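The values are calculated or read from the model by the stated rules, or taken from the named source; none is laboratory data. Being a predicted model, the structure only gives us computed values, none of them experimental. Here the Cβ positions follow ideal geometry from the backbone for every residue, glycine too, while neighbour counts run over all protein chains shown. Please note that ligands, DNA and RNA were not included when accessible areas were found on the heavy atoms of the full protein model with its side chains. Shrake-Rupley method; radii C 1.70, N 1.55, O 1.52, S 1.80 Å.
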Amino acid sequence: MIIAIHFFCIFTSYNQDDSFNSTFQMNRLRFVLSFLYFGTALASLAQKSHSHELFNSQIFTPLNSFTNGVEGPAVDKTGNLFAVNYNHQGSIGQVTPDGKAEVFIELPDGSIGNGIRFDSHGNMLIADYTRHNVLRVDMKTRLVTVFAHESSMTQPNDIAIDSNDRVYASDPDFKADKGRIWKAETNGKVTLLDSMQGPANGIEISPDEKTLYVNAVPKVWAYELLPSGNIGKKHLLIEFPEYGMDGMRCDIRGNLYIARFGKGTVVKVSPDGKVIQEIILHGKRPTNLAFGGKDGRTVYVTIQDHGNIESFHADFPGREWKMVNK
């Protein structure tokens, strides 16, 4: 653009008394205008390309459009994004691919949502941490029912789901600094899988469904996930000595994306526990994330301190996005 303006100045510096005839003057003007247009188009294209480069986080919904309890996120087959506590506590917000948000449903009185997932039938599943439930929402009728209930849970926090629609829930006890992991069968029967040191928080399943990942600050654990939905041996995947952790999601290559609460990043970790890269966010307190977009490579991140959602583009689609869009 600067070069175009420079050329314009040179070409227009001649006086009308120069030996150039009027036809040349007109052609010269056309050339300059074309150059200016071309430069503007290049600048616009560069700006558009920059906004869609990989791992460059952008503001997706306005600041404070959600409460500081913003969590959840999950994307349905049509590409709509859902997150909890839009505008006020106890709501579920729906955000279209272009960022327009509204209240989708109100949860039953006294219920507040946390993690969200979708089952193979398109039903929305929500961790209801105040009433010790996993709720199920019929997306056509918007009817909310209790899918699973366990009164001995401290608070179902985040949830994961396998291809057989079994639900796995993390259950942190922040005051006691400990946690548990639960499994809910398709009939709603709840089973305790493990008790652990540290408040269990983010939970996710590997693409081959052989590993269940659960984090409890400062460690991320990898459990052997058996065909029955039970767990076997576990090993330490990675440990972060500083800052917190929250929600996690896998891409189709098995890389684990972890929200680093307090650090303001999402860290990408390989299946063998190596940090691949860290994506810098605008907010400092990311709570959870989900893959969506037309190709499953848009990552939506809920941000507590800004009460909104950010998004960036990843190099591979998400595991759950691929599963939902079969």
**Asked** Hey, does segment 98-111 have a residue that's aliphatic (A, V, I, L, M) and buried (at least 23 other Cβ atoms within 10 Å of the Cβ)?
**Response** no
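Kindly indicate whether any position in segment 236-246 is assigned to a strand (DSSP E or B), under 21 Å from Asp162 (Cα atoms) and of a type in the set (Asp, Glu). First the steps, then the outcome.
Restricting attention to segment 236-246, the residues satisfying the condition of being assigned to a strand (DSSP E or B) are 236-239.
Add one more test, that the residue is under 21 Å from Asp162 (Cα atoms), and what stays is 237.
Among the residues that remain, those that are also of a type in the set (Asp, Glu) are: none.
No, because not a single residue in segment 236-246 is assigned to a strand (DSSP E or B), under 21 Å from Asp162 (Cα atoms) and of a type in the set (Asp, Glu).
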**Message:** Residues to consider are Phe316, Phe312; find the one that is closer than 30 Å to Thr78 by Cβ, in contact with a strand residue (DSSP E or B) (Cβ under 7 Å, 6 or more places away or on another chain) and open to solvent by 20 Å² or more (accessible area, probe 1.4 Å).
**Reply:** Phe316
**Asked** In segment 136-189, how many residues are closer than 19 Å to Val324 by Cα, among the acidic types (Asp, Glu) and either surrounded by fewer than 22 Cβ atoms within 10 Å (Cβ to Cβ) or touching a His at 6+ places or on another chain (Cβ under 6 Å) (or both)?
**Response** 4
**Prompt:** Do you know which residues across segment 205-228 are in contact with a Leu (Cβ under 9 Å, 6 or more places away or on another chain) and among the small types (Gly, Ala, Ser)?
**Reply:** Ser206, Ala222
**Any pair with Cβ under 9 angstrom, 6 or more apart, that starts in segment 304-326 at a residue that is under 15 Å from Gly99 (Cα atoms) and among the charged types (D, E, K, R) and ends at one that is open to solvent by 30 Å² or more (accessible area, probe 1.4 Å) and not in a helix (DSSP H, G or I)** = Glu310/Gln58; Glu310/Ile59; Glu310/Phe60; Glu310/His282
**Residues being under 17 Å from Leu256 (Cβ atoms) and either of a type in the set (D, E, K, R) or open to solvent by 50 Å² or more (accessible area, probe 1.4 Å) (or both) - total across segment 191-220** = 7
**Request:** Please work out which one of (1) open to solvent by less than 20 Å² (accessible area, probe 1.4 Å); (2) assigned to a strand (DSSP E or B); (3) not hydrophobic (A, V, I, L, M, F, W, C) is the condition Gly273 fails and give its number.
**Result:** (2)
**Request:** Answer yes if at least one residue in segment 118-135 is surrounded by fewer than 19 Cβ atoms within 10 Å (Cβ to Cβ) and among the hydroxyl-bearing types (Ser, Thr, Tyr), and no otherwise.
**Result:** yes
